[in-house]
1. Using bins 5 angstrom wide from zero, how does P(r) for the stretch 134-190 break down, in % of all Cα pairs?
2. Collect residues whose amide H, placed 1.01 Å from N in the peptide plane, falls under 5 Å from the amide H of G181; neighbours closer than 5 in sequence don't count.
3. Roughly how many nanometres apart are two label points built 7 Å out from the Cα toward the Cβ at T165 and L47?
4. What residues have an amide H closer than 5 Å to that of Q34, excluding those fewer than 5 places away on the same chain, when H is modeled at 1.01 Å from N in the peptide plane?
5. What is the calculated FRET efficiency for N172 to I256, with r their C-beta to C-beta distance and R₀ = 45 Å, to the nearest 0.05?
6. Using the structure shown, list the pairs from K125/K193; K151/K193; K202/K235 with a Cα-Cα distance above 27 Å, or answer none.
7. What is the order of S218, S67, fewest Cβ neighbours within 10 Å to most?
8. Hey, fewest Cβ within 10 Å first, where do H114, H140 land in order?
Amino acid sequence: MKKLSLSILTLLVMALSVITMTGCGSSKNVAYFQNSDSMLVASSRALYDAKIMPKDVLTITVSTVNSAAAEPFNLIVATPMNANLRTTATQPTLQSYIVDNEGCVNFPIIGRLHLGGMTKNEAEKYIAGQIAPYMAQSEHPIVTVRSINYKISVLGEVARPGMFTVANEKINVLEALAQAGDLTIYGVRDNVKLVRENADGKIEFHRLNLNDANLVNSPYYYLQQNDVIYVEPNKVKAQNSTVGTTTSLWFSATSILVSIASLLVNILR
């Protein structure tokens, strides 16, 4: 009887060990850019410039030698300084422009301007050329275009999923993942999904392999505004989430059985 009890105890301990080990799969393909030594650096893309897309919110500032000459093109919007105060005191802010579905904005004096598909530099030169006829040649207008709603989202198996605003209007996949605290150990690194809405409003899905150093040569290495990155969970995480509460119950039941077996061994000595 004593030998039988010892056998039961041994089997229970082994079962507990197997259950514990099933939640710890071997980590494969964890390192990024595994083939970086053989990558063709010459194939890397040139410096990236974001292009203006529908629904972008832009600020457009015109500067001239004589500030009065630029005033008609710099619309100012008065906003309350403090909503709790019954005063008319306001703090002026620059008017923003929403790019419509056709890629156009309504600009003061000039009217409708098509900026969709242009980079910031291209848009600045274009607008400067459009306003030049409305002022003296000595003014030499300088136009500055900025996007104030450039954002990307990172979801799935990352440390801090969320939506992130990009101040400099340029971000690549690795920088986006860094913003989200990098992938967890359960994240699938060779099959990261990129969800992108193109200029026509169509949704595109692209797969990125972080293990492959040639990712830096991909047209999807740099992200566009409103891109979404989704990191899938690996099989271990998927299995753990499927088992969920059942696994906890198995651990509890196994612990109880081990305790009972130990008690029987002590009694039968």
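Each value in this text was obtained by applying a stated rule to the coordinates, not by laboratory testing. Note that this is a predicted model, so its numbers are computed, not measured. For neighbour counting, all protein chains shown are included, and Cβ atoms are generated from backbone atoms with ideal geometry for every residue, glycine included.
1. 4, 16, 21, 15, 9, 8, 6, 5, 5, 5, 3, 3, 1
2. R160
3. Label-label distance for T165 and L47, simple model: 2.5 nm.
4. The answer is D212, A213.
5. On the way: r = 52 Å, r/R0 = 1.16.
My answer for the efficiency is 0.30.
6. On the way: K125/K193 36 Å; K151/K193 17 Å; K202/K235 31 Å.
Long pairs (Cα-Cα over 27 Å): K125/K193; K202/K235.
7. Numbers: S218 16, S67 10.
If I rank by nearby Cβ atoms, fewest first, I get S67, S218.
8. On the way: H114 15, H140 12.
Ranked by crowding around the Cβ, least crowded first: H140, H114.
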